[in-house]
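Engineer: One structure, as structure tokens, below. Some questions next.
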Amino acid sequence: MQHLPSTLAFLVAFIAPWAAPAETVVEANVLRLEAGDIVAAAKIPEGVYLRSVNDPDDIIWERLPEYRVRMVPAPAVHRSVELRVNYDTPDQDLYVTFAHTSERFYVRLRWRDDTADRQTGRDRFRDGAAVQFSLGDDTTSYLMGTGPDQPVNIWYWSADGHQIQNLAAGGYGSLTRLPIQTVSGDGLYTDNPGDPNEWTVVMSRPLAVRDEYEVALNRAVVPIAFALWQGSEAQRDGLKSVSEGWVLVEPGAIP
């Protein structure tokens with residue numbers, strides 16, 4: 001278990017005035033997170049606001065620490081998935097940022113994707129991303145929870161209209177939409193001439209808990225995991241890429 005320090009870019013950014021231009025973090029220098037690593041969510045200073053609640057392209061994100069998480073094909077849990085999954089698919093990096101204000105907790109995701117797949121239809125599948133929180137500790141399975149007694153809270157984004165769902169699960173086949181939808185978000189697809197195209201997604205929630213299956217953000221450490229669906233690769237349901245194990249995040253927020 002490793003407690004990772006803030007990046008140099010983060011320190012420099014907070015010394016500089018907020019109105020000054022920010023430099024893009026060099027991706028090769030972004031710290032990689034492994035399962036069990038501990039990181040602190042960045043505090044967005046009082047009086048500093050995003051242009052909109054979940055603006056994925058706000059300059060503030062260039063001033064906060066960003067980390068890399070390795071994504072791998074999810075273990076097949078059903079015969080139909082096993083027939084389609086390709087474990088030789090190259091691993092992918094997901095870039096993540098954790099932040100909070102005095103009112104909200106944010107997770108920003110960024111990943112390379114050659115195509116923006118926004119619709120589901122005959123032989124067409126949409127892009128998607130999920131952030132998963134253990135409601136207990138890191139002994140809970142990072143693959144949808146361990147059972148009713150060790151559930152997880154999931155924030156799910158899909159590219160068709162940038163829909164966000166606040167979900168819970170206690171093992172495979174138990175995914176449930178929560179009655180109170182407190183999570184919001186937004187996504188941005190960027191065509192980068194000469195560089196890889198990418199999705200950037202921000203999801204956030206007020207700090208206060210309103211459902212027993214929502215993650216409490218006033219804990220010292222919250223285990224977090226991730227999932228991605230690439231529509232161009234016909235990924236859907238259990239056919240996806242996932243992070244390997246939990247990253248341990250200090251939310252630094254008290255509702």
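Engineer: Is there any pair with a first residue in the range 129-157 that is in contact (Cβ under 8 Å) with a residue 60 or more places away in the chain and a second that is of a type in the set (Asp, Glu) whose Cβ atoms are under 7 Å apart and which are 6 or more apart or on different chains, and what are they?
Structural biologist: Asn153/Glu214
Engineer: While we're looking at this one, here's another question. What pairs can you find where one residue is in the range 54-66 and under 14 Å from Thr101 (Cα atoms), the other is part of a helix (DSSP H, G or I), and their Cβ atoms are less than 7 Å apart, with a gap of 6+ or different chains?
Structural biologist: Pairs that qualify, where the first residue is under 14 Å from Thr101 (Cα atoms) and the partner is part of a helix (DSSP H, G or I), are Leu64/Phe10.
Engineer: Also, quick follow-up: Out of (1) within 29 Å of Ile59 (Cβ to Cβ); (2) under 16 Å from the mean Cα position of the chain (by Cα); (3) not hydrophobic (A, V, I, L, M, F, W, C), what's the single condition that is false for Gly161?
Structural biologist: Gly161 satisfies every listed condition except (2).
Engineer: Which one is modelled with the lowest pLDDT, of the residues in the range 1-52 that are over 12 Å from Leu64 (Cα atoms) and assigned to a strand (DSSP E or B)?
Structural biologist: Filtering the range 1-52 for residues that are over 12 Å from Leu64 (Cα atoms) and assigned to a strand (DSSP E or B), the one modelled with the lowest pLDDT comes out as His3.
Engineer: Can I ask one more? Can Val202 be described as among the hydrophobic types (A, V, I, L, M, F, W, C), under 21 Å from Glu34 (Cα atoms), assigned to a strand (DSSP E or B) and touching a residue at least 12 places away in the same chain (Cβ under 8 Å)?
Structural biologist: Here the answer is no, as Val202 does not meet what is asked.
Engineer: Provide a single number: the residues in the range 190-239 that are crowded, with 23+ Cβ neighbours inside 10 Å and of a type in the set (Gly, Ala, Ser).
Structural biologist: Summing the residues that are crowded, with 23+ Cβ neighbours inside 10 Å and of a type in the set (Gly, Ala, Ser) in the range 190-239 gives 3.
Engineer: Failed condition for Val152, given (1) over 30 Å from Arg210 (Cα atoms); (2) in contact with a Gly (Cβ under 8 Å, 6 or more places away or on another chain); (3) modelled with pLDDT of 95 or more, with all others met?
Structural biologist: Evaluating Val152 over (1) over 30 Å from Arg210 (Cα atoms); (2) in contact with a Gly (Cβ under 8 Å, 6 or more places away or on another chain); (3) modelled with pLDDT of 95 or more leaves (1) as the failure.
Engineer: Listed residues Pro193, Pro179; which is over 16 Å from Val107 (Cβ atoms), of a type outside the set (S, T, N, Q), at pLDDT below 95 and out of contact with any Lys or Arg (no Cβ under 9 Å at 6 or more places or on another chain)?
Structural biologist: Values: Pro179 fails: at pLDDT below 95.
Residue meeting the stated conditions: Pro193.
The values are calculated or read from the model by the stated rules, or taken from the named source; none is laboratory data. Model, not experiment: these values are computed from the prediction. As a convention, Cβ positions derive from the backbone with ideal geometry for all residues, glycine included, and neighbour counts pool all protein chains shown.
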